[in-house]
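Each remark here refers to the structure printed beneath this line.
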């Protein structure tokens, strides 16, 4: 079984640590702009894409190799698109909406990939499907709140996005701990 995280507990730990950092920065409004938070998401998406592609290449005998590499390529495409379009808007409001729309599309793609992996694990009668389903639900919740505040960014709404990212990051770190406790 070589899905995205199943044999690699450091992947959700990495994502969790990043989301905790993102949540704290958003809640404290350290950077103060949505472009800076978008730049952090570019980094997250790039790292996830690179790790997925490297994992897919390394695991030559996996049944899910194409899914892992394909997910990594899609993540890198989102990363490149977001990176190329983060500064193209002429006014700040258009920049906020554009950046958040691209991030929102990626969030929903990521939730879809988590659901696919949960279904694969359910078909294999593996109880860790619950972790993937939980991650998908939290990703959708994060995406929903991002969608709600897309047209109306305020300091309060960025705080709430940061709070959800913080909770989501903690769940990912705890998930990685559970996955690391598996005895081979």
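Any read-out appearing in this document is the output of simple, stated calculations on the displayed coordinates, not a laboratory observation. Keep in mind it's a predicted model, so treat the numbers as computed, not measured. Every residue, glycine among them, receives a Cβ derived from its backbone with ideal geometry; neighbour counts consider all protein chains shown.
Structure notes:
- Among 139, 154, a tally of other beta-carbon atoms within 10 Å of each Cβ gives an order, fewest to most, of 154, 139.
- Over the stretch 130-172, the alpha carbon radius of gyration divided by the compact-protein estimate 2.2 N^0.38 Å works out to 1.19.
- 10 °C / 1.306 mPa s Stokes-Einstein diffusion coefficient of the stretch 10-179, Kirkwood radius on C-alpha pairs, µm²/s: 97
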